[in-house]
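Notes to accompany the following structure.
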Amino acid sequence: MILSIPPPEREDPAADAPETAVLAGGCFWCVEAVYLALAGVTRVVSGYSGGAAETANYRAVCGGGTGHAEAVEVRYDSTVLSFGRLLQVFFAVAHDPTQHHRQGNDVGTQYRSALFTLNDAQAAVARDYVAQLQQAGVFGAPIVTEITPLTRFYPAEAYHQDYARRHPEQPYIDAIAQPKVEKLRACFPQWLRQI
C-alpha cells in the first residue's frame, strides 16, 4: 500500500545551508539505495551515528548496544532539491517511522528511525514536519522518529558502500531495498535521477 505523504508545510533555507542530511531508517543499504536514485543527490555514504568512535564498526553496531544507528549521510544540491524533500522521501518511502527500534525483521536500536540534524533549522523543520504528519494522521500510529543533533557521522566499512547497486541478486536487497526503490519510482517519478 502506498500512502500519500504531503510535503512539509514549512521549509527554511537555513536547513539547506550544509547541503547534507544524516538519516537513519533501518538497514543503511536500503536507505542508501533510495537516496542514490534521487536527482540532486551528489553523494550517499552508509555509516553509523549516535555512538562513540571506538564502536563505529559493523560487528559492534550489529550487537545493538553501541548507541549507534545504521545511518546514511546524504549530500545534495539545494538548487535541485531541499531538506524538506529529503524528509518527504524519508517518511514516504525510505522506512516506516512508526516502528520502534526496528524495521520489519531487523530488530534493535541500530535500526531505529532517527534524524541527526546538522543545525537548528534542520531540527525545527524536522519537528514541524513530524507534527504535521501526526496531526494529519497519515500513518495511523505514532511516529517514533528521534530528532537529535548530529555529534558525528562515521562512514561504514568500504564493502557496505553502494551495496544494493553492487549486489542486486542478494536476497535481502531483492526483498527489501528494491521494493523501496520501486516505491520511490511510483511516488516521485519527477524527482528521479536521469540515467
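The values are calculated or read from the model by the stated rules, or taken from the named source; none is laboratory data. In this text, all values refer to a predicted model and were calculated from it rather than measured experimentally. As a convention, Cβ positions derive from the backbone with ideal geometry for all residues, glycine included, and neighbour counts pool all protein chains shown.
Candidates Ala131, Ala123: the one that is within 17 Å of the chain's Cα centre (by Cα), farther than 17 Å from His68 by Cβ, part of a helix (DSSP H, G or I) and modelled with pLDDT of 95 or more is Ala123. With respect to the conditions (1) more than 21 Å from Leu133 (Cα to Cα); (2) of a type outside the set (Ser, Thr, Tyr); (3) in contact with a Ser or Thr (Cβ under 8 Å, 6 or more places away or on another chain), Ala15 falls short on a single one, namely (1). Against the numbered list (1) out of contact with any Gly (no Cβ under 9 Å at 6 or more places or on another chain); (2) part of a loop (DSSP other than H, G, I, E, B); (3) farther than 21 Å from Leu184 by Cβ, Ile5 comes up short only at (3).
Going by the conditions given, is Val93 under 20 Å from Pro13 (Cα atoms), among the β-branched types (Val, Ile, Thr), outside any strand (DSSP E or B) and out of contact with any Asp or Glu (no Cβ under 8 Å at 6 or more places or on another chain)? Answer is no for this residue. Assessment of region 109-119 against the conditions (modelled with pLDDT of 95 or more, more than 25 Å from Pro179 (Cβ to Cβ), assigned to a strand (DSSP E or B) and of a type in the set (Ser, Thr, Tyr)) yields at least one matching residue. Residues of region 22-53 that are in contact with a Phe, Trp or Tyr (Cβ under 6 Å, 6 or more places away or on another chain) and either at pLDDT below 95 or buried (at least 20 other Cβ atoms within 10 Å of the Cβ) (or both): Val22, Leu23, Gly26, Trp29, Leu38, Val41, Val44, Ser46, Gly47, Tyr48, Ser49.
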